[in-house]
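Q: Let me begin by handing over the structure; questions about it come next.
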Amino acid sequence: VQLQASGGGLVQAGGSLRLSCAPSGRTFYTRTVGWFRQAPGKEREFVAAITWNGGSTIYADSVKGRFTISRDNAKNPVYLEMNSLEPEDTAVYYCAADPRGGSTWYDGTWTYWGQGTLVTVSS
């Protein structure tokens with residue numbers, strides 16, 4: 001499975017963006033998908049994840065209430081709707097799929113990664 005993240009850009013604080021994660025493989029709809037981000041000089045951090053059928057979602061505390069992860073398995077992409085963006089949200093955002101070996105459904109080593117899309121929030 002190859003993943004393609006898109007939708008990043010420059011936005012003012014308080015604005016919104018929607019990121020998309022599109023797969024190349026036909027089995028994408030069976031996989032848990034997550035979003036991560038890495039800000040300059042910082043480690044990559046978990047942002048959100050969604051189960052294969054969209055039945056469960058999980059968010060980092062820093063984005064809870066502002067970001068929404070969703071999927072439409074009929075059309076394949078997984079989306080990350082980002083509202084009320086803050087300068088602290090500036091980062092390269094990556095989508096990933098299929099976590100394995102963790103203690104929860106969103107934990108562990110993520111098997112597939114996209115190339116990232118840059119989100120810049122100006123103050």
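The values are calculated or read from the model by the stated rules, or taken from the named source; none is laboratory data. These numbers come from a predicted model, not from an experiment. Every residue, glycine among them, receives a Cβ derived from its backbone with ideal geometry; neighbour counts consider all protein chains shown. With ligands, DNA and RNA removed, areas are computed over all heavy atoms of the protein, side chains included. Shrake-Rupley method; radii C 1.70, N 1.55, O 1.52, S 1.80 Å.
Q: In the stretch 24-60, how many residues are under 13 Å from the mean Cα position of the chain (by Cα) and of a type outside the set (Asp, Glu)? First the steps, then the outcome.
A: First, the residues of the stretch 24-60 that are under 13 Å from the mean Cα position of the chain (by Cα): 32-38, 44-51, 57-60.
The next check asks that each one be of a type outside the set (Asp, Glu); those that pass are 32-38, 44, 46-51, 57-60.
Final tally of qualifying residues: 18.
Q: Given (1) closer than 21 Å to residue 51 by Cα; (2) touching a residue at least 24 places away in the same chain (Cβ under 8 Å), identify the lone condition not met by residue 88.
A: So residue 88 meets the others, but not (1).
Q: Being under 18 Å from residue 19 (Cα atoms) and among the polar types (S, T, N, Q) is true for just one of 122, 56, 103. Which residue is that? Step through it out loud before you land on a result.
A: Details: 56 fails: under 18 Å from residue 19 (Cα atoms); 103 fails: under 18 Å from residue 19 (Cα atoms).
Going through 122, 56, 103 in turn, the sole match is 122.
Q: Can I ask one more? Suppose the filter is closer than 18 Å to residue 120 by Cα and open to solvent by 70 Å² or more (accessible area, probe 1.4 Å); does residue 17 pass it?
A: Values: closer than 18 Å to residue 120 by Cα: yes; open to solvent by 70 Å² or more (accessible area, probe 1.4 Å): no.
Spelling it out, it is not the case that residue 17 is closer than 18 Å to residue 120 by Cα and open to solvent by 70 Å² or more (accessible area, probe 1.4 Å).
Q: In the stretch 1-32, what residues are of a type in the set (A, V, I, L, M, F, W, C) and either under 13 Å from residue 95 (Cα atoms) or at pLDDT below 95 (or both)?
A: As a first pass, look at the stretch 1-32 and keep what is of a type in the set (A, V, I, L, M, F, W, C): 1, 3, 5, 10-11, 13, 17, 19, 21-22, 28.
Those that are of a type in the set (A, V, I, L, M, F, W, C) and either under 13 Å from residue 95 (Cα atoms) or at pLDDT below 95 (or both): 1, 3, 5, 19, 21, 22, 28.
Q: Okay, moving on. Please state which one of 90, 109 is hydroxyl-bearing (Ser, Thr, Tyr) and under 15 Å from the mean Cα position of the chain (by Cα). Break it down stepwise before answering.
A: Numbers: 109 fails: under 15 Å from the mean Cα position of the chain (by Cα).
None of the others qualify; the one that does is 90.
Q: Count, please, the residues in the stretch 80-123 that happen to be over 17 Å from residue 1 (Cβ atoms) and either in contact with a helix residue (DSSP H, G or I) (Cβ under 7 Å, 6 or more places away or on another chain) or modelled with pLDDT of 95 or more (or both).
A: Narrowing the stretch 80-123 to residues over 17 Å from residue 1 (Cβ atoms): 80-93, 101-107, 117-123.
Keeping just the survivors that are either in contact with a helix residue (DSSP H, G or I) (Cβ under 7 Å, 6 or more places away or on another chain) or modelled with pLDDT of 95 or more (or both) gives 80-93, 117-123.
Matching residues across the stretch 80-123 total 21.
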